[in-house]
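Below: one structure, written as structure tokens.
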Amino acid sequence: MYDEQQRPDHRPLSGFTVGVTAARRADELGALLQRRGATVVHAPALRIVPLADDSELLTATKDLVDDAPDVVVATTAIGFRGWVEAADGWGLGEELLARLRGVELLARGPKVKGAIRAQGLTEEWSPSSESMAEVLDRLLEEGVDGRRIAVQLHGEPLPGFVESLRAAGAEVVPVPVYRWMPPEDIGPVDRLLDAALTRGLDALTFTSAPAAASLLSRAEDRGLQPELLAALHHDVLPACVGPVTALPLQAHGIDTVQPERFRLGPLVQLLCKELPGRARALPIAGHRVEIRGHAVLVDGSLRPVPPAGMSLLRALARRPGWVVARAELLRALPGSGRDEHAVETAMARLRTALGAPKLIHTVVKRGYRLALDPAADSKYADA
């Protein structure tokens, strides 16, 4: 018999497929997921376009050099570095840094603090929450009437931030360092969407609000947004690096999971907890069987299963121990026709993949059922 206390020798995300929508640091996130056993599908939902030659950034930089602000709000490390590099290219780097040394410099989080200090500058304050809402609260509490405040934009709107400062009497100078644009090749995004709709993904990760908004927009363009929202509601786990990233999804009524610390490592650790926790585990024919995204753990041993086999197994697991008719199983098969022989073929391959043929019983002239252990019958009778 299986031992419920045994420690399977598999990685926590083995058998799960995770979609990655990130443009930046996608390789790092993908490597973290793969190291823990996940199959990764990557499709950058956006691309970052630097504005080193952009007239808006040049104008804003000259304006701040000529007329020093009272406060500068730095929002991202990549944006702050890009701003200083662009200023260097225009011959304004030293003048910009000199200006920044004499102002109240606020950093949204620890990464941008590191970028600030790398330039020989020191931030005056940074919120522990990494939230722009907390930055706004501090500024409004200080009083901004008549103050000149430069805000480094980071490719996405800052809902209400600039408007609130202006309404309180501040002069706001936006500093647009880079922009988010649609990907040049939309093909990978469409394939990621299709995988989500067919439940070929177990989770979708988002590391920026624009990426989440872009994926929803692409689904809407294809007339598939309701289907995507249904998948995210029920079957595909949406995981966001933080609450700001989750806003576009929450606007559509989608609940997300988020780590307590808004970093890639904690995001991956959260998936390592959430996805196995959602997997169905059943005591079958003396074995512990855990049904994952594209594989099955049999007594802790990972068994990859073809898509057709997974469809059959999930149909059987919805009513463990009960007989499921061939006609019903045929409807569960992807792209199935009318020939019930397809069920027999897929079932044979499923049994082979599981490595334990007795897990599934054939009930002559009726169908198939999982060989649920007798002691578990009452527990799962109403499943």
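The values are calculated or read from the model by the stated rules, or taken from the named source; none is laboratory data. Here the structure is a predicted model, which means the values were calculated and not measured. Cβ sites come from the backbone with ideal geometry, for glycine too, and all protein chains shown count toward neighbours. Surface areas here come from the heavy atoms of the whole protein model, side chains and all, with no ligands, DNA or RNA. Shrake-Rupley method; radii C 1.70, N 1.55, O 1.52, S 1.80 Å.
With respect to Ala219, determine if the residue is over 30 Å from Val72 (Cα atoms), open to solvent by less than 40 Å² (accessible area, probe 1.4 Å), in contact with a helix residue (DSSP H, G or I) (Cβ under 6 Å, 6 or more places away or on another chain) and not in a strand (DSSP E or B).
Working: over 30 Å from Val72 (Cα atoms): yes; open to solvent by less than 40 Å² (accessible area, probe 1.4 Å): yes; in contact with a helix residue (DSSP H, G or I) (Cβ under 6 Å, 6 or more places away or on another chain): yes; not in a strand (DSSP E or B): yes.
Yes, satisfied.
Could you tell me which of the residues Arg338, Arg319, Arg314, Arg351 is open to solvent by 30 Å² or more (accessible area, probe 1.4 Å), farther than 19 Å from Gly286 by Cβ and either touching a Cys at 6+ places or on another chain (Cβ under 7 Å) or assigned to a helix (DSSP H, G or I) (or both)?
On the way: Arg338 fails: either touching a Cys at 6+ places or on another chain (Cβ under 7 Å) or assigned to a helix (DSSP H, G or I) (or both); Arg319 fails: either touching a Cys at 6+ places or on another chain (Cβ under 7 Å) or assigned to a helix (DSSP H, G or I) (or both); Arg351 fails: farther than 19 Å from Gly286 by Cβ.
Arg314 is the lone residue from the list that is open to solvent by 30 Å² or more (accessible area, probe 1.4 Å), farther than 19 Å from Gly286 by Cβ and either touching a Cys at 6+ places or on another chain (Cβ under 7 Å) or assigned to a helix (DSSP H, G or I) (or both).
In this structure, is Val189 in contact (Cβ under 8 Å) with a residue 60 or more places away in the chain, in contact with a helix residue (DSSP H, G or I) (Cβ under 6 Å, 6 or more places away or on another chain) and surrounded by 15 or more Cβ atoms within 10 Å (Cβ to Cβ)?
Working: in contact (Cβ under 8 Å) with a residue 60 or more places away in the chain: yes; in contact with a helix residue (DSSP H, G or I) (Cβ under 6 Å, 6 or more places away or on another chain): yes; surrounded by 15 or more Cβ atoms within 10 Å (Cβ to Cβ): yes.
In short, yes.
Mind listing just one residue for me: the one in the range 77-108 that is within 27 Å of the chain's Cα centre (by Cα) and open to solvent by 10 Å² or more (accessible area, probe 1.4 Å) and, of those, modelled with the lowest pLDDT?
Of the range 77-108, the ones within 27 Å of the chain's Cα centre (by Cα) are 77-82, 107-108.
From what's left, open to solvent by 10 Å² or more (accessible area, probe 1.4 Å): 77-78, 81-82, 108.
Working: Ala77: 87, Ile78: 82, Arg81: 90, Gly82: 87, Arg108: 90.
Filtering the range 77-108 for residues that are within 27 Å of the chain's Cα centre (by Cα) and open to solvent by 10 Å² or more (accessible area, probe 1.4 Å), the one modelled with the lowest pLDDT comes out as Ile78.
Only one of these is outside any loop (DSSP other than H, G, I, E, B), closer than 20 Å to Gln34 by Cβ, open to solvent by less than 30 Å² (accessible area, probe 1.4 Å) and in contact with a Pro (Cβ under 7 Å, 6 or more places away or on another chain): Leu271, Leu249, Leu204. Name it. Step through it out loud before you land on a result.
Working: Leu271 fails: in contact with a Pro (Cβ under 7 Å, 6 or more places away or on another chain); Leu249 fails: closer than 20 Å to Gln34 by Cβ.
Exactly one residue qualifies, and that residue is Leu204.
Run Gln5 past the list (1) closer than 30 Å to Asp299 by Cβ; (2) in a loop (DSSP other than H, G, I, E, B); (3) at pLDDT 85 or above and report the number of the one that doesn't hold.
(3)
Looking only at residues that are outside any loop (DSSP other than H, G, I, E, B) and under 16 Å from the mean Cα position of the chain (by Cα) in the range 222-235, which one is surrounded by the fewest Cβ atoms within 10 Å (Cβ to Cβ)?
Filtering the range 222-235 down to residues outside any loop (DSSP other than H, G, I, E, B) leaves 225-234.
Now restrict to residues that are under 16 Å from the mean Cα position of the chain (by Cα): 228-229, 231-234.
Numbers: Leu228: 22, Leu229: 16, Ala231: 21, Leu232: 23, His233: 13, His234: 8.
Here the residue is His234.
Quick check: is even one residue across the range 203-220 closer than 30 Å to Gly143 by Cβ and within 14 Å of the chain's Cα centre (by Cα)?
Looking for residues that are closer than 30 Å to Gly143 by Cβ and within 14 Å of the chain's Cα centre (by Cα), one finds at least one in the range 203-220, hence yes.
Being open to solvent by less than 30 Å² (accessible area, probe 1.4 Å) and closer than 25 Å to Phe262 by Cα is the filter; apply it to the range 161-182 and report the residue that is modelled with the highest pLDDT.
The residue in question is Val175.
Here's the yes/no breakdown for (1) over 17 Å from Thr245 (Cα atoms); (2) aliphatic (A, V, I, L, M):
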residue	(1), (2)
Arg99	yes, no
Leu106	yes, yes
Lys113	yes, no
Trp125	yes, no
Ser131	no, no
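Restricting attention to the range 38-64, which residues are modelled with pLDDT under 95, part of a helix (DSSP H, G or I) and among the aliphatic types (A, V, I, L, M)?
Leu57, Leu58, Ala60, listed by residue number.
Could you look through the range 139-160, keep only residues that are charged (D, E, K, R) and surrounded by 14 or more Cβ atoms within 10 Å (Cβ to Cβ), and pick out the one that is modelled with the lowest pLDDT?
In the first step, residues of the range 139-160 are kept if they are charged (D, E, K, R); the result is 141-142, 145, 147-148, 156.
Applying the additional criterion that residues be surrounded by 14 or more Cβ atoms within 10 Å (Cβ to Cβ) yields 147-148, 156.
On the way: Arg147: 97, Arg148: 97, Glu156: 55.
My answer is Glu156.
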